[in-house]
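Before any comments, here is the structure.
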Amino acid sequence: MAAKSSTHESGAEFRLRSGAASRLAGISASTLRIWEHRYGVVLPPKSATGHRSYSMQDIERLRIIKRLTSQGHSISTVAHLDVDALTTLSSNSHARPLGVQKVLVVGNVAARKLEGRFKLEPMLVFDDLDHAELQAEGVGQVDVIVVYLRTLHAHLAARILWLRNSLSASNVIVVYSFGAEPVSDSLLAAGITVRRAPLSGNELLSLIFTGPKTNENFNVHTQSNIRRFSDADLIALAETPSLVTCECPRHLSEIVLLLVEFETYSNECASQNKKDALLHRNLLELTSQARSIMEKALDQVVSEENLYHLVSR
């Protein structure tokens, strides 16, 4: 049975619509609908206008179930388990036997270099990132992602990080021919192995089985930008009807609240999770910058609509 929603310090409940909920949970909107209607994974209430609204507990439940289905569990067997049972099942899931690697390869050049080198697990080969992203939901969890690119650009780096997180890969290797050094450095800082082409099949195979280097300084705290609005301010603004189009105070407040939640999550991971520390410190810094930008936009709306009575400053 789905867990009950929590309340913020103001006593008001912060809830999300289906689009935001599916993005935060890491599943598609269509998967969310199927899980909800066919299996009853979550039971969100409807608003007066008929929109379903999801709590942060709903989203955490969806995240755990996504992780379990990626590990091979059937959705029908986990759909009605409570959060404690789901967490226990996720913790007890057996790892792949030592030496056996499930490898996803993006790019036919890398696939040809590795062809015939895997005896226990077949490779999953995709032509490019577009192809891999379209099929990612049906792939399940993988151990290694190999991406072979002719050119490496910033927007491709962001997509590689998304693919790693979506497939829960512990080792990602990027091989490229041409690209900007800052982009390569950003991937290295996120714990991804980056090499310039040409690279032989044996060299690529060695990178797959040796795995990424770990960073021992994983508990360094990253300072977030100072917040302009408290949680209570944001919830009050989110609940106030707007006089401008698109209900700007509500939308902007919900965006800022989501960014605050993700900052907290990234900071906890950067302090506790050795494997993902560099990635989450980088995510924390970027999210903090994004939150500051959105707070400036919200500040402008507060000023234009004269909503200062709703905030504490």
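The values are calculated or read from the model by the stated rules, or taken from the named source; none is laboratory data. Everything numeric in this text was worked out from a predicted model, so none of it was measured. Cβ: placed from backbone, ideal geometry, glycine included. Neighbour counts: every protein chain shown. Heads up: the accessible areas ignore ligands, DNA and RNA and are worked out on the full protein's heavy atoms, side chains in. Shrake-Rupley method; radii C 1.70, N 1.55, O 1.52, S 1.80 Å.
Using beta carbons and a limit of 7 Å, which pairs, at least six apart or on different chains, have the first residue in the range 294-312 and touching a residue at least 24 places away in the same chain (Cβ under 8 Å) and the second one outside any helix (DSSP H, G or I) and charged (D, E, K, R)?
E295/R228; D299/R228
How many residues are part of a helix (DSSP H, G or I) and modelled with pLDDT under 85 if we restrict to the range 64-77?
First, pick out the residues of the range 64-77 that are part of a helix (DSSP H, G or I): 64-70, 75-77.
Okay, now just the ones that are also modelled with pLDDT under 85, so 66-70, 75-77.
The qualifying residues number 8.
Looking for something assigned to a loop (DSSP other than H, G, I, E, B) and modelled with pLDDT under 80 - is there at least one such residue anywhere in the range 193-201? Quick ask: steps written out before the conclusion?
Kept after step one, since they are assigned to a loop (DSSP other than H, G, I, E, B), are these residues of the range 193-201: 197-200.
Pick out the ones that are also modelled with pLDDT under 80 and you get none.
Scanning the range 193-201, I find no residue that is assigned to a loop (DSSP other than H, G, I, E, B) and modelled with pLDDT under 80, so the answer is no.
Take the residues in the range 140-170 that are within 21 Å of S200 (Cα to Cα) and in contact with a helix residue (DSSP H, G or I) (Cβ under 7 Å, 6 or more places away or on another chain), then tell me which one is most open to solvent (accessible area, probe 1.4 Å).
Among residues in the range 140-170 that are within 21 Å of S200 (Cα to Cα) and in contact with a helix residue (DSSP H, G or I) (Cβ under 7 Å, 6 or more places away or on another chain), the one most open to solvent (accessible area, probe 1.4 Å) is Y148.
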